[in-house]
Amino acid sequence: MATAKLYLDTRARKRDGTFPLKVTVSHRGQSAYIPLGVSLRAEQWDKQRQRVIGSDRQFWQDYADSRLLSIRKAIAQAKETGAFAGLTIGGVRDWLEQHTDPEKMRQAQRENFAAWYAHVLGQHTRPRTHDIYLQTWKRITEYEASRKRDALLLDFADISRDWLDGFFIWLAQRSPSVNARNIHLRNIRAVFNSAIDEELTTHYPFRKYKIRAQATAHRTLTPLQLRTIAAMPVEPHQRKYRDAFLLSFLLVGINIGDLCTLEPDALQNGRIVYHRAKTGKLYSVKAEEEAMQIISQYRGVTRLLSFAEKCHRHPYRAFAARCNHNLAKMFPSLTTYWARHSWATIAA
């Protein structure tokens, strides 16, 4: 992957005896240079430490560091989106200049859908939301590749109703779920909405384009079915998955992700107090006796519950996948979502 570092180009001496400060970008054994618009004397540069020295060093170093940081962030973004695939070192340099120079970036975003999508992607800091938008971009890239086109060249005007129809049909060959395919369309629509808000484009392909959801089966258990699941004999390794499901129900349908990531101090005076990750809304739920029995059995160290403590990467997602796999063996099609739906229905 590409790397970047500061470099004083002593080969390009100017008439006043100074040399241009640049960022060296290295990619696949080749290098290119991005000028920073700063010139220094040789005695102002510590080559070993790659730092500006002298009386006015702080100003120039702060500026150089900020530009270097923006380029490194752009490289990390390009790694996620695959933006450098097939590019020469010159293309990598041009892409980085366009995505780190404020004026060039703004101009590109006025016309280029891909550039604005990359900007929106970077704004989503919540891991799950970021991953979903990233998956949509990967699907767009694959779709454009199937049409012998480069997704990075997509302008707003290229995303027409015909393009959306073609993209949806192409997705259908890879995802049987209409609602799963609709997620990608909604992400694209959100990017267009933000671009219109920023007055980057007036083109809007969703004006008469409807995203129609497909009705899903109602995932609700009766109280008798819940009692049956709670009492049924299960394999020892399945017990924690059944208990996590029941605890989700008992805590008024708490999302499995929120359940797995509860902090140790979430239990306060017999209540579970937490902010829901998806909305940020504060919840305070009474932990009834049945819930406390499960909580006491699975008390964790770094988390309130030990369910996902050993899953270091995407902890709740790894646990939820195993949980759903085991729940389906206990009851046909049972998943953690049934706990939320069942509680809402019974409570209503």
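Please state the shape class of the stretch 1-102: rounded when a/c is under 1.5, otherwise prolate if a/b exceeds b/c and oblate if not, all from the C-alpha gyration tensor.
Prolate shape, in that a/c is at least 1.5 and a/b is the bigger ratio.
Determine the sum of side-chain charges near residue 264: Lys and Arg each +1, Asp and Glu each -1, restricted to other residues whose C-beta is under 9 angstrom from that of residue 264.
Result for the local shell: 0.
Report relative contact order for the chain in percent, whole number only (criteria: Cα-Cα under 8 Å, sequence separation at least 6). Don't skip to the end; give the middle numbers.
Details: 392 pairs, mean separation 35.5, N = 348.
This gives 10 percent for the chain.
Rounded, prolate or oblate: which fits the stretch 224-264 when a ≥ b ≥ c are the square roots of the eigenvalues of the alpha-carbon gyration tensor, with rounded for a/c under 1.5 and prolate only if a/b beats b/c? Spell out each step's value before the answer.
Numbers: a/c = 3.37, a/b = 1.51, b/c = 2.23.
In terms of gyration-tensor shape, oblate.
Have a look at the stretch 182-293 and give its Rg and Dmax from the Cα atoms, expressed in angstrom.
20.7, 61
Amide H of residue 51 versus every other amide H placed in the peptide plane: which residues, excluding those fewer than 5 positions away on the same chain, fall under 5 Å?
Hits under the 5 Å cutoff: 46.
Viscosity 1.306 mPa s, temperature 10 °C: what is the translational diffusion coefficient of the chain from Stokes-Einstein with a Kirkwood Rh over Cα pairs, rounded to a whole number of µm²/s? Don't skip to the end; give the middle numbers.
Values: Rh = 24.4 Å.
So the translational diffusion coefficient is about 65 µm²/s.
For the stretch 68-82, what does the Karplus curve 6.51 cos²θ - 1.76 cosθ + 1.60, with θ = phi - 60°, yield as ³J(HN,Hα) per residue in whole Hz, taken in order and with x for Gly and Pro?
5, 5, 5, 5, 5, 5, 5, 5, 4, 5, 5, 5, 5, 8, x
Using modelled amide H (1.01 Å from N, peptide plane; none on Pro or chain starts), what sits under 5 Å from the amide H of residue 39, excluding residues fewer than 5 places away?
Placed amide hydrogens put 21 under 5 Å from residue 39.
Compute the accessible area per residue over the chain, keeping the other protein chains in place, probe 1.4 Å, unit Å². Each step should come with its number before you reach the end.
Numbers: 19780 Å² over 348 residues.
Counting only protein heavy atoms, the per-residue value for the chain is 57 Å².
Would you mind computing the Rg to Rh ratio of the stretch 252-348 from its alpha-carbon coordinates, Kirkwood style for Rh? Walk me through the intermediate numbers first.
Numbers: Rg = 13.5 Å, Rh = 14.2 Å.
Rounded to two decimals, Rg/Rh equals 0.95.
With θ set to phi - 60°, apply the Karplus curve 6.51 cos²θ - 1.76 cosθ + 1.60 along the stretch 43-49 and write out the HN-Hα couplings as whole Hz, x wherever there is a Gly or Pro.
After applying 6.51 cos²θ - 1.76 cosθ + 1.60, I find 6, 8, 10, 9, 5, 5, 9 Hz.
Using a Gaussian network for the chain with springs between C-alpha atoms less than 10 Å apart, which of these wobbles most: 64, 118, 12?
Greatest mean-square fluctuation among the candidates belongs to 12.
With respect to the cross-link table entries 79/278; 22/47; 5/73; 22/73, which display a Cα-Cα separation exceeding 19 Å?
Over 19 Å Cα-Cα: 79/278.
Given the rule -39500 (n - 2.57) for each run of at least 4 DSSP H residues, summed and divided by the residues of the chain, what is its mean residue ellipticity at 222 nm, to the nearest 500 deg cm²/dmol?
Calculated mean residue ellipticity at 222 nm is -15500 deg cm²/dmol.
The values are calculated or read from the model by the stated rules, or taken from the named source; none is laboratory data. Remember, predicted model here, so these are calculated numbers, not experimental data. When we count neighbours, we look across all protein chains shown, and the Cβ atoms used for this are built from the backbone with ideal geometry, even at glycine. Please note that ligands, DNA and RNA were not included when accessible areas were found on the heavy atoms of the full protein model with its side chains. Shrake-Rupley method; radii C 1.70, N 1.55, O 1.52, S 1.80 Å.
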